[in-house]
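To keep things clear, I will list the structure first and then write my remarks on it.
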Protein chains: 2
Amino acid sequence: MEEVFQNETVKEILTKYRRIWAIGHAQSVLGWDMEVNMPKEGILERSVARGELSVLSQEFLLKPEFVELVEKAKDLELNEYERGVVRVLDREIRISKSFPPEFLREMSEVTSQATKAWEEAKKSDDFSKFEPWLDRIIDLAKRAADYLGYEDEPYDALLDMFEEGTTTKDVERMFEGLEKELKPLLDRILEEGKVPQSHPLEKERYEKDQMERVNLWILEKFGFPLGVRSRLDVSAHPFTTEFGIRDVRITTRYEGYDFRRTILSTVHEFGHALYELQQDERFAFSPIAGGVSLGIHESQSRFWENIVGRSREFAELIHPVLRENLPFMANYTPEDVYSYFNVVRPDFIRTESDVVTYNFHILLRFRLERMMLNEGVKAKDLPELWNDEMERLLGIRPKSYVDGILQDIHWAHGTIGYFPTYSIGTLLSAQFYYHMKKDLNVEEHIASADFEPIKAWLRERIHRYGSIYPPKELLKKAIGEELNPDYFVRWVKERYL
Amino acid sequence: MEEVFQNETVKEILTKYRRIWAIGHAQSVLGWDMEVNMPKEGILERSVARGELSVLSQEFLLKPEFVELVEKAKDLELNEYERGVVRVLDREIRISKSFPPEFLREMSEVTSQATKAWEEAKKSDDFSKFEPWLDRIIDLAKRAADYLGYEDEPYDALLDMFEEGTTTKDVERMFEGLEKELKPLLDRILEEGKVPQSHPLEKERYEKDQMERVNLWILEKFGFPLGVRSRLDVSAHPFTTEFGIRDVRITTRYEGYDFRRTILSTVHEFGHALYELQQDERFAFSPIAGGVSLGIHESQSRFWENIVGRSREFAELIHPVLRENLPFMANYTPEDVYSYFNVVRPDFIRTESDVVTYNFHILLRFRLERMMLNEGVKAKDLPELWNDEMERLLGIRPKSYVDGILQDIHWAHGTIGYFPTYSIGTLLSAQFYYHMKKDLNVEEHIASADFEPIKAWLRERIHRYGSIYPPKELLKKAIGEELNPDYFVRWVKERYL
């Protein structure tokens with residue numbers, strides 16, 4: 001295969017970049033180990049090590065000779081791969097440079113104390129313990145937006161950090177379109193009562209080993225290269241991490257009941273992992289090796305979770321292995337599994353919510369975040385705003401803070417502008433599905449556990465581009481259009497009505 | 001507790017050192033993960049990352065302003081902790097500076113090719129495949145010795161890298177004393193035939209889970225802080241690693257038969273881990289936090305393996321948990337376990353050898369290494385020399401290269417001068433034991449699973465000093481004398497005659 005990086009300046013950039021890459025590799029391993037293996041008290045030394053490495057990586061990124069090389073490369077005639085390298089690095093340098101060290105220190109101190117306060121507040125269902133910290137975080141977010149700069153509104157600056165090139169207006173438009181269609185749809189689903197709101201399988205208990213065998217069986221059918229280029233482990237919150245193209249690891253969890261959680265989270269993380277595993281190997285060690293944005297990444301995980309994992313064909317495919325491992329499955333048909341995987345029920349908790357109601361949880365958070373940033377809304381007003389919006393959207397009103405504003409850790413971590421990427425991904429997954437259907441009989445492939453054509457389609461259209469193009473350009477390349485919520489609405493209609 | 005580092009220059013050194021420490025922390029995690037978790041193909045990117053980080057760490061260590069600070073500190077009036085910091089760093093800088101980059105590159109290339117050649121040679125029992133590489137490695141070792149410099153003979157330079165301050169003469173004297181006493185002892189043991197040369201328990205098979213439960217039970221009795229500051233995992237070759245004082249991990253292996261191997265290797269690694277876990281916490285992030293040399297480290301692992309793990313009291317202590325987990329144990333008494341753990345049988349393979357014959361394997365390697373370095377012996381002469389010496393020492397003559405010169409990976413890795421530390425540790429473990437006996441009834445404590453006093457003794461005498469003192473000085477501090485092989489001989493006599 002042809003070398004993708006030919007230009008001498010870009011080659012020089014990549015040689016210098018290699019130590020930044022190596023530090024990133026190490027950081028990822030340290031992070032994975034923290035979640036999966038680390039003994040409790042290891043946290044002290046681990047945190048110090050990670051802090052030092054992150055300063056170090058920053059230093060190398062902002063070294064004048066490195067920055068100058070990237071600047072110089074911007075004016076050169078480059079191929080698309082090289083332009084990708086320069087775009088990604090230029091963006092990283094710009095973001096890195098934006099924040100003064102004092103600000104980063106303040107951010108890190110405030111968020112670590114805010115996280116403790118949030119934990120306390122959640123434990124005692126007492127919002128007042130978190131409230132002053134949330135105000136400080138809102139203030140920090142505003143200042144971050146100012147440092148980063150924006151054209152229309154502060155929220156744009158934060159959003160762009162997670163979803164390059166996407167504006168608040170884009171997201172507002174997306175949610176408007178979605179809400180208008182999805183709200184009546186949800187009401188109709190709930191009224192008609194054909195889709196179950198709960199299922200006896202939710203209560204059935206299992207042993208970890210049983211479901212581990214099922215998950216491994218599924219991953220094998222997917223062709224996940226366990227032991228060769230990947231692993232499946234256990235962590236409190238399932239996640240995917242990559243240490244390069246050749247070592248991509250996912251985790252799942254085993255609660256001991258409601259087995260669809262462990263299956264669907266394994267399938268979800270597989271989707272993330274596949275995106276990383278199917279990168280062009282020539283990009284290795286470069287900044288364009290890897291998924292381009294959180295939204296695109298989430299579209300891949302949601303594709304596998306929702307389109308594949310919640311399909312009737314998938315329920316039929318896994319029914320035998322479920323029966324083999326779970327004695328209670330003798331009483332349930334494949335159709336039971338399918339309806340269990342597709343329960344629709346308004347719930348207070350985002351992470352417990354189903355495919356249809358999920359987006360309303362995100363919409364709510366997006367609107368509140370935007371109000372914090374742009375309209376001067378303070379922490380004290382948020383619980384009421386949350387509850388009102390929840391009632392309006394899902395018809396249920398939280399009776400505790402834990403069921404409302406205190407449920408997510410994101411704000412305590414200082415992460416504002418991140419939530420919309422969950423919906424972007426969810427909507428895109430349906431959009432990719434309808435495009436894929438033009439080329440493939442998706443359901444037939446799922447039914448026969450023939451996942452190669454599906455994987456090849458995703459590789460050709462999306463994965464192989466790594467981070468060459470920013471998300472919007474990638475979409476044009478992959479499917480010739482922009483993000484459009486109609487596909488998701490169509491998918492919900494076809495599945496639930 | 002009082003701060004141990006008071007001097008401003010030393011504090012400045014330690015602040016700068018922190019990123020070197022962080023890179024070391026990351027390297028250790030990357031190394032551990034490689035042995036325990038890494039999917040096969042992850043090796044490519046992992047090797048690149050480790051290579052980059054090792055260059056980086058070297059760069060920081062040799063930065064002129066860092067070296068100057070250390071130089072400056074050598075002339076200051078410092079407390080013993082601070083002097084330790086300066087001694088360790090000065091030594092690291094000196095060793096690092098000794099080798100020109102071209103030499104390090106050559107070393108790394110030759111050893112990685114030599115390792116492949118050694119694997120091939122071992123697989124086909126064909127020494128000729130490894131011979132030319134071994135000659136290159138001998139040549140590299142000589143040049144390394146020249147770069148490092150030495151007073152008496154080249155071997156001194158290499159030995160010092162692993163056992164600071166120990167000379168070839170020291171080791172030769174140790175082995176002379178040992179050989180004179182131990183050889184007739186071994187002959188007598190074998191002639192008398194009271195000590196078994198094999199045992200039916202060697203053949204009994206087990207399941208991994210069974211022995212894992214036993215190992216965890218033992219570690220719990222030892223007070224190993226599993227999940228808090230430590231872990232037990234599985235790897236092809238058992239080892240201990242530390243990511244600081246608060247995260248020290250050991251591994252073991254489960255062959256499925258001959259269960260003393262997994263127990264004794266777990267107990268052995270526990271000894272290494274305890275040395276790291278019992279460091280003075282005030283040393284954290286500094287270069288004196290951690291065991292001082294390979295020999296002292298091995299004395300700790302051997303203490304737990306030989307003195308504790310092979311004692312009659314230990315066999316009695318673990319007999320019930322063995323019975324609980326291994327059905328075949330119904331046919332064996334604690335005395336059976338004891339004699340099984342203390343079989344003495346000349347064997348070709350070092351790693352299979354018993355406590356008594358083990359040191360002859362090391363002696364043989366030490367003598368050959370010394371001949372390579374000082375007497376111009378070439379690779380082609382080594383198999384014959386090996387076999388002759390083996391026959392002289394243990395009365396058995398290898399019929400294949402695999403049973404002789406091709407058995408160890410060390411030389412292929414370019415590691416020459418390392419083997420003697422195994423014997424240094426073994427002899428010291430007995431020496432520490434007799435000193436401990438003056439203060440404690442060691443056997444009674446083992447019998448009652450009361451390991452705290454033993455651990456406290458090791459902590460007070462050895463562990464808490466970290467790397468403040470070089471090994472010989474530490475010995476003076478700990479037991480008021482030098483390494484003396486007589487203790488080990490006495491221990492063998494008491495145990496086997």
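Read-outs throughout are calculated quantities, based only on the coordinates presented, and are distinct from any laboratory measurement. This is a predicted model, so every value here is computed, not measured. Counting neighbours? That spans all protein chains shown, and the Cβs are built from the backbone with ideal geometry, glycine included.
Key figures for this structure:
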| read-out | value |
| --- | --- |
| For B:Pro200, inter-copy label distances in nm, listed shortest first [label point 7 Å out on the Cα-Cβ vector] | 5.4 |
| 222 nm mean residue ellipticity, helices alone, for the protein assembly as shown (DSSP H n ≥ 4; -39,500 (n - 2.57); rounded to 500) | -20500 deg cm²/dmol |
| Pair-distance profile P(r), taking every C-alpha pair of the stretch A:359-399, with 10 angstrom steps and integer % | 31, 55, 14 |
| q = 0.13, 0.24, 0.25 Å⁻¹: log10 I(q)/I(0) that the Debye formula gives for the stretch B:8-98, counting C-alpha atoms only | -0.52, -1.16, -1.22 |
| Equivalent ellipsoid, the stretch B:1-50 (semi-axes from 5 times Cα gyration tensor eigenvalues, Å) | 35, 12, 4 |
| Descending principal axes extents, the stretch A:353-439, alpha-carbon based, whole Å | 52, 26, 21 |
| Taking the C-alpha atoms of the stretch B:250-362, convex hull volume expressed per residue in Å³ | 127 Å³ |
| Cβ-vector label at 7 Å, B:Lys169, separations to other copies in nm | 8.5 |
| Which of A:Glu324, B:Glu204 has the fewest Cβ neighbours within 10 Å, and the rest in rising order | A:Glu324, B:Glu204 |
| Size of electric dipole in the stretch B:8-98: Cβ of Lys, Arg +1 and of Asp, Glu -1, about Cα centre, debye, nearest 20 | 120 debye |
| Cα→Cβ-extended label distance, 7 Å offset, between B:Glu452 and B:Asp75, nm | 5.1 nm |
| Integer Hz, Karplus 6.51/-1.76/1.60 couplings in order for the stretch B:399-404, x for Gly and Pro | 9, 9, 5, 4, 7, x |
| Dimensions (Å) - the protein assembly as shown, Cα atoms, principal axes, largest first | 94, 66, 59 |
| Closest Cβ on chain A to the rotation axis that carries it onto B (distance rounded to whole Å) | A:Ala26, 2 |
| Farthest toward positive dipole pole in the protein assembly as shown [+1 Lys/Arg, -1 Asp/Glu at C-beta], among A:Met34, A:Tyr332, A:Gly193 | A:Tyr332 |
| Full-stretch length increase - A:Thr333, A:Arg188 - with 0.36 nm per residue and alpha-carbon distance subtracted | 49.5 nm |
| HN-Hα J in Hz across the stretch B:124-139 - Karplus 6.51, -1.76, 1.60, θ = phi - 60°, x for Gly and Pro | 9, 6, 10, 4, 4, 5, 9, 3, x, 5, 5, 4, 5, 6, 4, 4 |
| Nm distances between copies for B:Glu120, ranked from closest, using label points 7 Å along Cα→Cβ | 6.6 |
| Cα gyration tensor of chain A - equivalent ellipsoid semi-axes, whole Å, descending | 35, 29, 23 |
